[in-house]
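Notes to accompany the following structure.
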Amino acid sequence: MTKTIVLKKPIDIKKLKVDYQSELNDEQYKVVTQAEGPCLVLAGAGSGKTRTIVYRVAYLIERGVKPENILLVTFTNKAAKEMLTRVASLLGRYPEKLWGGTFHHIGNRILRKYAKQLGYQSNFSILDEEDSRDLIKVCIKEEGIDPKARRFPSAAVLKDLISYSKNSQTSLTEVIELKHPKWLEIEEQIKLIAERYRHKKKVANAMDFDDLLINWLKLLRENQNIKDRLAAQFHYILVDEYQDTNYLQAEIINQLASVHNNVLVVGDDAQSIYSFRAADIGNILNFPKIFKEAAIFKLQTNYRSTPEILDVANEVIKKNIQQYPKVLIPKLKKFVKPNLVPSTSARQEAEFISQMILQLRDEGIAMNKMAVMFRAAHHSQELEFELTKRDIPYDYRGGVRFFERAHIKDIIAFLKIINNPKEEVSWLRVLNLQVGIGDITGSKIFQRIKGLDCIIKCIEADLSDVLTPKAKVGWEALVGIFKDLGLRIKDNGPSEFIRIIAKSDYQNYLESQFPNWKERLEDLEQLAKFAESYKDLNSFLAEVTLQESFAVERAKPDTAEDERLILTTIHQAKGLEWEVVFVINLIDTAFPNRRALAEEGGLEEERRLFYVAITRAQKQLFFSYPLTSDYSSMYLNTPSQFLREIKKSLLEEVNLVDNHNDSDLEDLNDGEVQYLPEV
């Protein structure tokens with residue numbers, strides 16, 4: 001193949017419409033005006049990454065590159081729209097014909113044109129997540145498997161396995177071994193379902209989201225003429241968030257850059273946190289090895305955070321070995337050191353945060369300018385309880401509020417039955433969880449036992465004329481759970497009941513139904529810890545039910561958006577920023593995450609996640625952790641290893657006291673800040 005090289009005349013910057021030199025800092029300006037050939041832009045947090053990409057696109061168009069010869073790839077439709085809008089604002093016109101969008105969007109566009117080369121029609125359908133699950137359900141049924149007759153992976157779980165296998169380009173066997181090793185015994189059935197799913201899609205002229213990438217790469221690899229045509233068309237390729245690409249996405253870019261070799265990838269290896277979605281940090285770390293003459297640019301000037309916050313961020317991330325060294329340089333003025341707040345318990349931690357939020361609000365900081373972050377969703381439970389008691393409105397990002405989660409409601413239903421065996425709603429919920437028991441059979445069972453006032457009498461009732469052979473399997477499993485619970489009614493409080501249920505057949509139900517079943521078990525352990533402060537089941541259920549009712553009332557908030565605090569997992573917070581950030585539950589058993597530590601590269605990814613949390617804060621940052629492991633234990637927690645890695649001189653430690661007398665305040669040292677939670 002003949003390679004064409006276009007000789008470009010020097011550009012007179014003064015004649016360009018946009019004044020790039022005055023509108024960009026030196027780091028950004030170099031990228032915008034000098035990024036020819038393969039380029040890696042390491043864009044630190046808050047360094048103006050989007051601005052740099054937008055100005056680079058505008059610069060290329062102003063210097064004569066046709067928009068149709070530019071490919072801009074993003075990870076969200078929102079990001080693509082924002083970038084193209086800003087390019088249009090700079091140029092004074094919309095860049096018609098520019099190829100901009102997500103990997104899936106652009107893949108769809110290309111596959112529409114070349115579908116017949118892969119055995120599809122150009123009017124192929126795209127299956128969304130729900131469509132995919134529904135089709136997999138059909139495949140399960142056609143394989144002769146009845147999920148109601150025995151525990152079997154749900155369509156959602158199988159979709160997760162198949163998707164991860166595709167995006168990571170690993171075998172289904174390896175994925176099963178990684179995520180659900182006990183299912184290796186049904187490995188062949190899972191493979192048959194996956195193959196049937198693939199075949200049905202092809203026959204139906206349909207693709208799911210993963211197929212848009214798989215087939216796009218297949219088209220490039222198996223059709224040299226098409227590959228050369230596309231690679232020749234895209235003179236310049238720009239990829240945002242490159243650290244989040246998987247194998248397929250990186251390989252697609254490599255193929256498309258094969259003619260002009262002008263590929264600009266922008267990202268931050270220090271913010272690569274999505275390996276559980278098959279993102280491969282090796283793509284950004286190995287970019288200079290794949291593109292031998294790659295130029296490396298660094299955007300290190302940070303416009304978001306104070307120097308004190310950045311000192312902590314730089315200190316944390318330098319402990320990682322697999323990385324490009326970089327140091328964030330602040331543009332903001334000095335303010336205050338991040339606070340380190342040990343608390344006696346999770347409850348006191350929640351009380352402190354709630355009081356600080358109210359105090360900061362009174363000082364003029366809008367509620368939506370504050371965020372509380374956590375490693376896992378269940379870490380927010382005690383805080384949610386406290387916020388509700390204090391009538392502090394909040395929005396929850398990254399999932400459902402704790403007491404509204406399905407598995408939490410399941411366990412509460414079990415406990416309500418123990419407490420009051422005549423409660424119909426809870427019986428019907430629990431019965432529907434069992435193998436072979438649907439709405440009709442569940443209703444028949446309840447009608448037979450509804451007059452009984454003791455759980456032992458209920459499980460000993462004669463139901464032989466009500467139960468089908470399939471339903472009998474589910475009922476016997478449920479009887480086994482209630483026997484374990486019933487034998488301990490006099491000896492244990494609600495926390496022990498929760499742990500018994502979590503270790504029962506209900507755990508098998510969770511694993512078969514949900515890809516994130518391990519996280520759900522962690523939620524249940526958190527609920528059990530919370531229940532330890534209640535001596536009896538009745539008082540615990542009363543408190544939880546009130547919490548649920550508050551949640552329902554707040555489902556239609558009458559407060560404006562700027563009057564609601566943000567609660568979010570750190571993964572959901574990536575790319576966002578707040579004036580004040582709280583990072584909670586920073587203990588070794590929680591953050592770094594124990595399961596993540598068992599995986600290769602897990603510790604460094606956890607540290608990157610902590611770094612992401614830190615760099616969301618603009619002015620104030622609070623780290624907090626409970627000194628005791630739960631609500632009744634005196635076992636002391638170990639502060640997170642990440643906290644121990646930070647120099648003490650970079651943090652201001654806060655001592656919490658629970659006294660409220662004015663005389664106590666007189667004893668405080670001058671200049672020492674102490675926060676007094678209102679208990």
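The values are calculated or read from the model by the stated rules, or taken from the named source; none is laboratory data. Computed from a prediction, not measured in an experiment: that's the story for all the values here. No Cβ is skipped: glycine too gets one built from the backbone with ideal geometry, and neighbour counts run over all protein chains shown. When the accessible area is computed, the model is the full protein with side chains, heavy atoms only, and any ligands, DNA or RNA have been set aside. Shrake-Rupley method; radii C 1.70, N 1.55, O 1.52, S 1.80 Å.
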Give the distance, in whole Å, between the Cα centre of segment 37-101 and the Cα centre of segment 436-463. 63 Å
Can you give the FRET efficiency to the nearest 0.05 for ASP228 and PHE335, using r as the Cβ-Cβ distance and R₀ = 60 Å? 0.65
Between ILE126 and LYS17, what length in nm is gained on full extension when 0.36 nm per residue of separation is reduced by their alpha carbon distance? 35.1 nm
Given the convex hull over the Cα atoms of segment 22-150, what projected area results after averaging over all orientations, in nm²? 12.8 nm²
Under a crude label model (7 Å from the Cα following the beta-carbon direction), how far is ARG594 from SER464 in nanometres? 4.6 nm
Between helix 307-317 and the chain, what is the angle of the helix's C-alpha long axis to the longest principal axis, kept within 0 to 90° and rounded to the nearest 10? 80 degrees
Full-extension gain in nm, ARG397 to ARG361, via 0.36 nm per residue minus C-alpha separation: 10.9 nm
State, to one decimal in nm², a quarter of the convex hull surface area for the C-alpha atoms of segment 231-344, i.e. the direction-averaged projected area. 9.6 nm²
Work out Dmax and Rg for the chain from the C-alpha atoms and quote the Rg first, both in angstrom. 28.4, 91
Candidate lysines for bridging to LYS159, where Cα separation is under 23 Å - those fewer than 8 sequence places away on the same chain excluded: LYS137, LYS141, LYS148, LYS179, LYS182, LYS191, LYS200, LYS201, LYS202, LYS218, LYS518
Per residue solvent-accessible surface (Å²) - segment 312-366, probe of 1.4 Å: 48 Å²
Surrounding net charge for ALA279, when Lys and Arg each add one and Asp and Glu each subtract one, Cβ distance under 11 Å: -3
Given the C-alpha centroids of segment 568-619 and segment 212-268, what is the distance between them in whole angstrom? 31 Å
Write down the accessible area per residue of segment 410-472 in Å², having rolled a 1.4 Å probe over the full set of protein chains. 47 Å²
Against the longest alpha carbon principal axis of the chain, how many degrees, from 0 to 90 and to the nearest 10, is the axis of helix 469-486 turned? 70 degrees
Quick one: accessible area per residue over segment 181-242, 1.4 Å probe, rounded to a whole number of Å²? 44 Å²
Quick one: angle between helix 49-62 and the longest Cα principal axis of the chain, in degrees between 0 and 90, rounded to 10, please. 30 degrees
Counting residues in segment 217-264 as N, plug N into 2.2 N^0.38 Å and put the Cα Rg over that result. 1.10
Taking a ≥ b ≥ c as the square roots of the Cα gyration tensor eigenvalues, with a/c under 1.5 meaning rounded and otherwise prolate when a/b beats b/c or oblate if not, segment 302-387 comes out oblate
Rounded, prolate or oblate: pick one for segment 176-296, where a ≥ b ≥ c are the square roots of the eigenvalues of its C-alpha gyration tensor, a/c under 1.5 means rounded, and failing that, prolate if a/b is larger than b/c, else oblate. oblate
Evaluate E = 1/(1 + (r/R0)^6) for ASN516 and GLN322, where r is the Cβ-Cβ distance and R0 equals 30 Å; express this FRET efficiency to the nearest 0.05. 0.70
Let me see the P(r) profile for segment 420-494: every Cα-Cα distance counted, bins of 5 Å, each bin given as a percent of all pairs. 3, 16, 29, 28, 16, 6, 3, 0
In whole percent, how big is the carbon plus sulfur part of the accessible area of the chain, probe 1.4 Å, protein atoms only? 49 percent
Antiparallel DSSP beta bridges within the chain, percent to nearest 5: 5 percent
What FRET efficiency would be calculated for the residue pair LEU452, SER539, taking the C-beta separation as r and a Förster radius of 25 Å, to the nearest 0.05? 0.55
Under a 1.4 angstrom probe, counting protein chains only, how are GLU129, GLU653 ranked by accessible area, largest first? GLU653, GLU129
Reach of LYS116 by Cα under 20 Å, taken over aspartates and glutamates that are not fewer than 8 positions away in the same chain: ASP208, ASP210, ASP211, GLU222, ASP228
If the reach is capped at under 13 angstrom between alpha carbons, list the aspartates and glutamates near LYS648, excluding any in the same chain fewer than eight residues apart. GLU308, ASP311, GLU315
